[in-house]
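Written out below as structure tokens is the structure these notes cover.
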Amino acid sequence: MIKLKNLYKTYDQAGRQVEAVKNVNIEIQKGEIFGVIGYSGAGKSSLIRCVNLLETPTSGSVVVNGVELTGLAEKPLREARRKIGMIFQHFNLLSSSTVFENVASPLRLVNAPKKEIEKKVTDLLQLVGLADKGSFYPSQLSGGQKQRVAIARALANDPEILLCDEATSALDPQTTDSILDLLLDINQKLRITIMLITHEMHVIKKICDRVAVMENGHVIEQGSVLDIFSKPQTQTTRNFIKNIFDINLPESLQLKFQRERANGELIRVSFIGEDTTEPFFAELATRFPLRPNILFGNITQIKDTTFGSLILKLNGEAAVIREAIEYLQAEGLTVEVLHDVD
Ligand SMILES: Nc1ncnc2c1ncn2[C@@H]1O[C@H](COP(=O)(O)OP(=O)(O)O)[C@@H](O)[C@H]1O
Ligand SMILES: [Mg+2]
């Protein structure tokens, strides 16, 4: 649906060249929710703005729905853009227009008939949960409600793609969740492909299927959210994950674990999916004379899959421990022997 190839974006800042996007390659499938995460200044906004050519890439290609956008003349580009909606951190609503008029504005631009506008805007306000707010002005709405108006407006031209630039970053955690639920709902009901950028791992974990991690203009890793959570390859990614899902031992417990490790082995077992948790632990206890003990752990939901990580103490002979680890690996679990407890 979206194919970015060897994409570069360089700005000229008063004679100084700033390479905001460097050789990015991303492919986003139809119907997918794809997240890009990175710290401030990583180049995320520059990247997403290249997708609808709000920024012209310095080089590389942007193919949306089979069409190379960088080569298009003004008129076909305008038409292609109509199929790409966008929402922003600060909503960008017209403050002097009502909610109804804000949502209607893209339809007025294409001279849609009045009746059609009436129906479309009413349907969209219903969809985003603001059916009774059409005559309100943006200043009379909460942040979450403003973002709902912006989402309705972005959907006015029936886009195939919705781009979200830090759409929840100005919102409190509860409102963030309600907006993410709405985006998920739109993705599923309308089959709209969503590309979003964020600096919050929570956003990625809750609704994204795949994710790319950006740093200094580069994509430093990408893959399914589950893979990135279970096998992060870079320190930056680990730091993002740590904010919401710490798989490491809390400092207060490290001393205790140092002592525990003296007679036995500490292992970290990571698992994906509901079925794996209980049986593996019960089986471990019955099959091997090890008296396994759960010392620390975390279980969370990644979109609609369970992901967990447990630190176990295995008490027993080295050969039996080895056998037990092989058994767990054969069951599809990821097992690490912890030599350093940090
Ligand atoms: N319009 C612009 N003109 C000049 N430099 C820019 C412009 N937009 C972004 N930059 C620079 O590009 C880099 C990446 O910025 P940005 O894409 O906004 O990152 P992010 O969204 O990840 O915070 C920064 O160094 C920023 O200063
Ligand atoms: Mg940004």
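Residues are listed down the side, and each one gets a yes or a no for (1) under 16 Å from Glu32 (Cβ atoms); (2) at pLDDT 95 or above; (3) in contact with a helix residue (DSSP H, G or I) (Cβ under 8 Å, 6 or more places away or on another chain):
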position: Lys146; (1), (2), (3): no, yes, yes
position: Ile151; (1), (2), (3): no, yes, yes
position: Ala156; (1), (2), (3): no, yes, yes
position: Thr175; (1), (2), (3): no, yes, yes
position: Val211; (1), (2), (3): yes, yes, yes
position: Gly223; (1), (2), (3): yes, yes, no
position: Lys231; (1), (2), (3): no, no, no
position: Asn243; (1), (2), (3): no, no, yes
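Listed by position, the helices (runs of 4 or more DSSP H) enclosed by region 60-137 that each have at least 2 residues that are within 20 Å of Asn187 (Cα to Cα) are 74-82, 114-127. If you go through region 276-325 and keep only what is among the basic types (Lys, Arg), at pLDDT below 90 and on the phi < 0 side of the Ramachandran plot, you end up with just Lys313.
The set of residues from region 14-43 being free of Cβ contacts under 8 Å to residues at least 24 places away in the same chain and either more than 16 Å from ligand 2 (Cβ to nearest atom) or not assigned by TED's automatic domain parsing to the domain that holds Gln89 (or both) comprises Ala14, Gly15, Arg16, Gln17. For region 191-208, residues that are farther than 17 Å from Ala170 by Cα and within 16 Å of ligand 1 (Cβ to nearest atom) total 1. Note on region 105-161: residues that are surrounded by fewer than 20 Cβ atoms within 10 Å (Cβ to Cβ), polar (S, T, N, Q) and either in contact (Cβ under 8 Å) with a residue 24 or more places away in the chain or within 28 Å of Val64 (Cβ to Cβ) (or both) amount to 6. Annotation: of all residues in region 6-57 being among the acidic types (Asp, Glu) and farther than 23 Å from Ile192 by Cα, the one that is modelled with the highest pLDDT is Glu19. Among the residues of this structure, Glu331 counts as one that is of a type in the set (Asp, Glu) and farther than 28 Å from Pro173 by Cα. Based on what the data block shows, is Val36 among the aliphatic types (A, V, I, L, M), over 22 Å from Thr236 (Cβ atoms) and surrounded by 15 or more Cβ atoms within 10 Å (Cβ to Cβ)? Judged against the criteria, Val36 is not a match.
Taking the conditions (1) touching a strand residue (DSSP E or B) at 6+ places or on another chain (Cβ under 8 Å); (2) aliphatic (A, V, I, L, M); (3) more than 11 Å from ligand 1 (Cβ to nearest atom) in turn, Leu94 satisfies each one other than (1).
The values are calculated or read from the model by the stated rules, or taken from the named source; none is laboratory data. What you see is a predicted model; the values in this text were computed from it and never measured. All Cβ positions, glycine included, derive from the backbone under ideal geometry; neighbour counts span all protein chains shown.
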